[in-house]
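Report on the following structure.
The values are calculated or read from the model by the stated rules, or taken from the named source; none is laboratory data. Small disclaimer: the values here were computed from a predicted structure and weren't measured. All Cβ positions, even for glycine, are placed from backbone atoms using ideal geometry, and neighbour counts span all protein chains on display.
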Amino acid sequence: MCLPLLYCVVIFLLKTESVHAKITQIPRHLITEKGQEVKMRCEHDTQDTRMFWYQQKPESKDKGLVLVLYSVGKNNTENGDDPQGFKAQRPEIKIFILSKSSAEPRNSGMYFCSSD
């Protein structure tokens, strides 16, 4: 019974219309050493006002995402579930910058930006 339900959900998600949103993370890849400054920039091409930075930790057993920071508008930033010392800037509605002056081993992982 679970398999047909999952199949229907997958088909439904594949048939939804795309909003053609484009999100760009700069740099695309970043490798740094402990103590170095880290800066990642996210840009989107929609009218969405909310933006989010997520981290996926390499040791995460469930491979889930952790909300690091988020913003609900220009010049507004809020801590997520685990900010890890990161700071954020939202100089424009379409730009969200994540930075930290001194990287730590616990900051290792993949980072994802999204808008809503």
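Remark: pairs (first residue in the range 56-68, under 21 Å from Cys42 (Cβ atoms); second residue outside any loop (DSSP other than H, G, I, E, B); Cβ separation under 6 Å; 6+ apart in sequence or on different chains) = Gln56/Met110; Leu65/Tyr54; Leu65/Gln56; Val66/Gln55; Leu67/Tyr54; Val68/Trp53; Val68/Gln55. Restricted to strands (runs of 3 or more DSSP E) entirely inside the range 34-116, those with at least 3 residues that are touching a Phe, Trp or Tyr at 6+ places or on another chain (Cβ under 6 Å) are 51-56, 66-73, 110-115. Note on the range 78-101: residues that are at pLDDT below 95 and of a type in the set (S, T, N, Q) total 1.
Checked across the range 6-13, the condition of being under 14 Å from the mean Cα position of the chain (by Cα) and either of a type outside the set (Asp, Glu) or at pLDDT 95 or above (or both) holds for no residue. Identify all residues within the range 66-78 that are surrounded by fewer than 19 Cβ atoms within 10 Å (Cβ to Cβ) and under 15 Å from the mean Cα position of the chain (by Cα); write none if there are none. Those that are surrounded by fewer than 19 Cβ atoms within 10 Å (Cβ to Cβ) and under 15 Å from the mean Cα position of the chain (by Cα): Val66, Leu67, Val72, Glu78.
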